[in-house]
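Since every read-out is calculated from the coordinates, none of them should be taken as a lab result. If you're wondering where the values come from, they're calculated on a predicted model, not measured in any experiment. So basically every Cβ, Gly included, is an ideal-geometry build from the backbone, and we count neighbours across all protein chains shown.
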Amino acid sequence: MKENLPNQLEKPKSGQTATEVIKLLINIIAGFLVPWIAGAFLIYRDKKAMLLAFPSGGFMSLLFNDFGVYTKWWQLHPDHMESVTTIPFNLGIYPIVAGWMLHFIFTTRFRFNAALMIAAFAALLTGAEFVYVCLDKIQYGNGWNIGWTYLSYILALGAVYGYSRLHARLFVSRNGQQEPSGP
């Protein structure tokens with residue numbers, strides 16, 4: 001029966017497993033643990049921004065990352081784990097940064113503040129990803145580049161902001177009080 005197992009189930013080489021575990025731990029620390037330190041502070045300061053950003057930012061991240069990995073536009077190392085490798089980022093840096101973006105949009109009083117904040121936070125995420133590209137932790141393929149990355153962050157953060165506006169329109173009455181849900 002052992003002869004019928006596919007090659008993918010063979011034991012990895014001895015050094016390969018330790019290196020991949022270290023790469024995954026770096027992703028967990030950089031993409032999840034460090035951002036959640038800032039996320040805990042945001043929850044303390046602005047629960048509304050975090051409650052709006054976490055589900056919408058996490059969903060947008062999951063959608064973009066899984067599609068990008070599937071189409072081989074990018075590859076995050078360790079690469080044989082495919083979308084599992086992106087989980088720390090989907091639940092960490094992306095929704096936390098989206099939460100901080102909403103916090104700054106909600107708390108600043110500039111007229112064109114939302115578009116500027118979306119562009120600035122997209123640039124912040126693009127810069128962080130560029131560091132990962134320079135460290136060879138992410139490899140681009142099939143014509144993807146840092147410009148497309150910036151555009152994808154603009155779209156994702158714009159969708160998070162749009163979700164927050166839709167939420168405000170549907171669930172907050174004119175006097176600013178939360179309306180009850182249900183029939």
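Modelled label-to-label distance, VAL34 and VAL84, 7 Å Cα→beta-carbon offset: nm?
2.4
What nm value, rounded to one decimal, do you get for the distance between LYS47 and ILE146 when each label is placed 7 Å out toward the C-beta?
Reported label-point gap for LYS47 and ILE146 is 4.1 nm.
How big is the equivalent ellipsoid of segment 93-147 along its three axes, where each semi-axis is √(5λ) from the Cα gyration tensor, reported in whole Å from largest to smallest? Intermediate results must be reported in sequence, preceding the final value.
Numbers: eigenvalues 150, 28, 12 Å².
The three semi-axes for segment 93-147 are 27, 12, 8 Å.
For segment 16-140, what are Rg and Dmax over the alpha carbons, in angstrom?
15.2, 53
Once both labels are modelled 7 Å past Cα along the beta-carbon direction, what's the ASP136-THR71 spacing in nm?
The two pseudo-label positions are separated by 2.7 nm.
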